[in-house]
Structures are given as structure tokens and as C-alpha cells.
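Here is the structure we will look at.
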Amino acid sequence: MNLGRTDPHPDTCDFVVIGSGFGGSVSALRLAEKGYRVAVLEQGRRWTAENLPKSNWRVARWIWEPALGLRGFFSMRFFRHLVVLHGNAVGGGSITYGNVLLVPPERVWRQGSWAGLNDWERVMPGHYATAQRMLGVTTNRRLGPADERLREMARQGGAEGSFYPTEVGIFFGDDRDEPGASYPDPFFGGAGPERKSCNACGGCMVGCRHDAKNTLDRNYLYLAERRGAEVLAESRVVDVRPLSGREDGSQGYAVEFVSLAKGSRGRRRTLTCRGVVFAASSLGTQDLLFRLKEKHSLPRISGALGADVRTNAESLIGVRFPGTPVDLSQGVAIGSGIYIDEHTHIEAVRYPRGSDAMGLISTVMAPGRGGRVHVLTWLGTLLRLLVTRPVRTLRVLFPFGWARETLIFLCMQTLEGRLTMRLGRRWFWPFSKRLTTHGARIPAYIPAAHEFAIKAAAATGGVPLASVTEILLNVPMTAHCIGGAVMGRTPEEGVCDGRNRVFGYRNMYICDGSVLGANLGVNPALTITALTEHAMSHIPPKAGRDWVGPDS
């Protein structure tokens, strides 16, 4: 490792940032701009157009499950209460997310654990504006067939007035040029990389191969590396402990990590630093902090760790049109949305043509109210369809062609629902501890969304779909697991304060979705970015900083 060629202590830096997603990449850039030597530790790989999978059937390059030898960038974590979809890569979830960057309604700042910690409604708009500029947020200009079909469904359901093209982090170029045209850096005055305009291939969530998606390795992280921040990919952190016997970390920290890379797998190294930023996602940060607290490396971590985990009250459903001549995979990953009531938001989602692996976990939707009895209703619905429309039904269940024929609905609500996470042993695998979920079940069945899907399918000639986990297990899927290390006034209410500073420790921050104190009802990436901008704005430049004095 070489954190500056003149550094006589190559394993010493000012800040270690754990994770390179939206919070980690923002932290890396802003700290590097302030003169700090920054190391970013990321357990995922660095992806390029050359090594991205051509479809999500290339499981070894798509799925992240190192224990099975799968080292892709998309992970599915199964819990008793939910299935969490998230990313592992240099650039974090930005490599596989759907590009949508929305500002949540102002009322979320008056709810939950962060209410009253700041005058959020006055403070945050400026940070949102910075985040939007850095991420190249713009209105979607590639509305595809799936978006037009959602518009028609909204009209049929009386919600056409709520239809909107999404705000996305995609470069569209000049409409007078052909899609895919190359441009010199359009965002940072020549300091950023060359880009190409979007060709509406629908491939955003299996990795953009055409250099149009504004992933973090094209903005925040790219600029941070140009300023000297060093990214150590395929590096999993296993310990963070204060130096010199000072339990509060005022003398710095030792950060131990293990290599996951081929050729050096299992090799351990330690960095010493003055400050640490945890930015490993809600699941990653919770898991790591629980382990560090349990092994007494960071015993002062608040007992509120694991509380107030939220999911944006999500459901993944859809409508399939077997045999349709229209290619619904064309467009951007999430191109449009509607509001079917004041609490329920639906976005049109797609995978690129040929990426049909998610079809393996979709099935026909059944009417009802969810729960265990719903399985019987589903069986009855499936048998009836197999008897009355066997060919059509089998085609709906057949995964191949799923991406081209399916309009996926990402349904989100602002209604409250919370879980608790802990580190524990599962009955079927008692040999090691993993995160486990506890509390009342989060409903997998969203009545308004399911009713909309059933009516929309009937009006447009499609077949409504639901996920297998929602039908058989009453377990929802979410791409937006948030909370677990939330902001609060005191250590009894949260793990960090309103500036992301960890209670009980000095120069330690959490900058990812785990700090979010309320259900946003929209995709959280932009809010994580803006909150990290807010946190970093309070850290003074390195020059003249008193590390052991009062925190910034």
C-alpha cells in the first residue's frame, strides 16, 4: 500500500473508510479534498465494461456469495422477515442499483429518531442539490415501452395525473446525436472520465457496459482517487480497535482486514489511522459493529444497534405479457413511476433482454390478504390457470423471455414498519453467527399495489405476478434495507448523532443507510449521499486540526 510516495509509514493514514457505496465514496472525496490521507476498504471487486456479466445468467459474475465461490456484485440475503437485495462492488450498490435518485417528502424529517436533531428542512436542500449535481441527476429521456404501458395502466386506474419520468443518474448526451456517442467529461470540467450517452438497453441493474450510468466510480470515487485516496478492493474488515489503550479512540485506531482476492486470499493486514468511517451499508455496518462490540474491540457501541430497521415497506410484483411482440426491456432500469394513493408509490422496473434469472423467483399472483392461507389461494389460482389456459400459464412460469415480457413493479410505502436485528445462531447452521431479524412481521402483501396489478393486468391483457417468497413464505423482498444504526439524541435513542458521529468514540462516523431514522418512501441513495455531504461538511481541513480536542 502506498498512501503517498513520501509517507515513511505506508500502512498509516488519516482516515479509513469501510465501504465504497454512496456514503463511502462521498466521504473519501470530501476527506481527500480537505487534505487527509484516505484508504477505502471494499470487500467487492472493481468492475469494468470488459468483466461485467453479459446477463444475469452468468451467476458467478452476478451473484455475491463468496462461500459458494460466487464473486459477482449482486447479493440476496435471506432473513426470517425479509429478503434483502443489495450490492457488493467498488462503487457499492451504484453498480447494480436502478439509478433512481429522488428527494423524499419533507415530512420524513419530522418523523422517527432523527426528528428535531437539526432544522433538516432548512439544512438539507443545499446538500441534496450538491448530491444531484455530483451524481448527474436528470429527468429520464429514454421512456420505453414498459413506461408507456405503466402510463396506460395509470390511466385505466385513475392515476394518470401522477405519472412521471424518474429522476436518474444517467448521462443522455445531446438528443441530436445518436445514442452511444462519446463525449469528453460532461460533469466536472474535464476532471472526470469520458462518457457515452445512454442507448436504453435496460442493462443498468446488471452493470452498465456502455459508460452511461453515473456510478460512483465515475464521479465521487473517481475524483477521490485522483486526489490520492487509495481503494483496496476485495478487502474485508475484521477488526477496528482503539490505539494506545484509549478506549474512546482519541489516539486513533487499528483497522485489520483480510484479502478476498485470488492469489492473496486470507492474507491479513492492519492499517492505523486517526479516524474511521463505517459505510458498509445497513447490513454490512450492523454486522461489523455487532461483531466488534461482542469481541470488545468497540464495547462502547450503543445498545440501540440493530433497532429501527426499516424496508421502505416494499413489495416486488409485476405483470407479464407472454408472447408479446413488444420488448419491455428497452429503456432505463427504472424509467417512470406513479402514485396510486398518498402512501403508495409504484415504479416501472426492467432487466435487459436475456437477463431472465429473476424469473425463477416469480409466479402468478393470487387474490387475497396475504398470510399462510394465501398459499392455498395461490395453489387454487395456479391450478385453475393451468386447466383453463395451460400454454399461457406455463409460459408465464417459464423464466426464459421473462425480462422482455415483464413489467416489474417496485412498490414502496411511507407507512411505518420496523424490525430489530441481532447477531445470532440460526437453528439450521449453529456453527457461526449471522444477522437475524426479530419483531412483528412486515406485511408482504400491500393491498393497494396488488389490487392495482390485478386490475392493470386485466385491462392490458397481462398476467399479474408476485415473488415466490411473498407467496409461499409471506416474506417481502426489499432493495432498500435502512436503519439499524440510526441517528438519535442520546446513545439510548441511536448509535450516532445528527452529524453521523458515533456515540462513545472520537473521530468515528457512520455514513450509509443504517443511519436513516424514518421510512423515506422513495429510493434512499440520494438521501444517503446528501446526509454524508452534511456530515463531511462539519469535518475541518487537516491543516491545523486538533485530533484530540473537541469533535468537529
Computed Kirkwood radius, in angstrom, where 1/r is averaged over Cα pairs of the range 13-157: 18.6
Against the longest principal axis of the chain, how steep is helix 373-388, in degrees 0 to 90 to the nearest 10, with axes from Cα atoms? 40
For the chain, the percent of accessible surface on carbon and sulfur atoms (probe 1.4 angstrom, ligands and nucleic acids excluded) is 53
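Would you mind working out the magnitude of the charge dipole of the chain relative to its Cα centre, with +1 at each Lys and Arg C-beta and -1 at each Asp and Glu C-beta, to the nearest 20 Debye? Walk me through the intermediate numbers first.
Working: 67 positive and 50 negative charges, 336 e Å.
Charge dipole of the chain: 1620 debye, to the nearest 20.
Would you mind working out the magnitude of the charge dipole of the range 389-498 relative to its Cα centre, with +1 at each Lys and Arg C-beta and -1 at each Asp and Glu C-beta, to the nearest 20 Debye? Intermediate values should be presented prior to the final figure.
Numbers: 13 positive and 7 negative charges, 110 e Å.
Using only the charged Cβ atoms, the result is roughly 520 debye.
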Descending Cα extents along the principal axes, the range 490-545, whole Å: 42, 27, 11
How big is the C-alpha Rg of the range 263-418 next to the rule-of-thumb value 2.2 N^0.38 Å, as a ratio? 1.48
When ranked by the protection proxy of mean other Cβ atoms within 10 Å per residue, highest first, what sequence do the peptides 374-382, 457-465 form? 457-465, 374-382
Alpha-carbon Debye profile of the chain, log10 I(q)/I(0) at 0.12, 0.13 Å⁻¹: -1.16, -1.35
Compute the acute angle (0 to 90°) between the alpha-carbon long axis of helix 22-33 and the principal axis of greatest extent of the alpha-carbon atoms of the chain; round to the nearest 10°. 30
Kirkwood-based Rg to Rh ratio, the range 142-294, C-alpha trace: 1.12
Let me have the relative contact order for the chain, percent, based on Cα pairs under 8 Å that are six or more residues apart. 22
Most packed first (mean Cβ within 10 Å per residue), the peptides 422-431, 497-506, 199-208 order as 199-208, 497-506, 422-431
Please list, in order along the range 320-330, the HN-Hα scalar couplings obtained from phi with the Karplus expression 6.51 cos²θ - 1.76 cosθ + 1.60 (θ = phi - 60°), rounded to whole Hz, x for Gly and Pro. 10, 10, x, x, 5, x, 8, 8, 7, 7, 6
All Cα pairs of the range 82-207, percent lying beyond 27 Å: 36
Students often check this: by mean Cβ neighbours within 10 Å, which of 525-535, 90-100 ranks highest, and how do the rest follow? 90-100, 525-535
Environment charge at His296 (Cβ cut-off 12 Å; Lys +1, Arg +1, Asp -1, Glu -1): +2
Given 5 Å bins starting at zero, what is the percent of C-alpha pairs of the range 429-552 in each, up to the one with the largest pair distance? 2, 8, 13, 14, 14, 13, 10, 9, 6, 5, 3, 2, 1, 0
Within the under-12-Å Cβ sphere about Thr130, not counting Thr130, Lys/Arg +1 and Asp/Glu -1 give a net charge of +1
Options Thr532, Thr420, Tyr509, ranked by Cα towards positive dipole end of the chain, top entry (Cβ charges): Thr420
Å³ per residue enclosed by the Cα convex hull of the range 444-504: 142
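How much area per residue is accessible in the chain when the probe is 1.4 Å and only protein heavy atoms are counted (Å²)?
39
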Write down the Kirkwood hydrodynamic radius of the range 372-487, to one decimal in angstroms, obtained as one divided by the mean of 1/r over all alpha carbon pairs. 17.2
Positive-end extreme of charge dipole, the range 332-410 - chosen from Pro390, Phe400, Ile338 (charges on Cβ): Pro390
Specify the angular offset, from 0 to 90 degrees and rounded to the nearest 10, of the alpha carbon long axis of helix 447-460 from the longest principal axis of the alpha carbons in the chain. 50
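Any idea what the dipole of the range 253-315 comes to, in debye rounded to 20, about its Cα centre with Lys/Arg Cβ at +1 and Asp/Glu Cβ at -1?
On the way: 11 positive and 5 negative charges, 96 e Å.
It works out to roughly 460 debye.
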Positive-end extreme of charge dipole, the range 62-164 - chosen from Leu101, Gly112, Trp64 (charges on Cβ): Trp64
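The values are calculated or read from the model by the stated rules, or taken from the named source; none is laboratory data. Worth saying up front: this structure is predicted, and the values here are computed from it rather than measured. Here the Cβ is made from the backbone with ideal geometry for all residues, glycine too, and neighbour counts use every protein chain on show. SASA here: full protein model, heavy atoms, side chains in, ligands and nucleic acids out. Shrake-Rupley method; radii C 1.70, N 1.55, O 1.52, S 1.80 Å.
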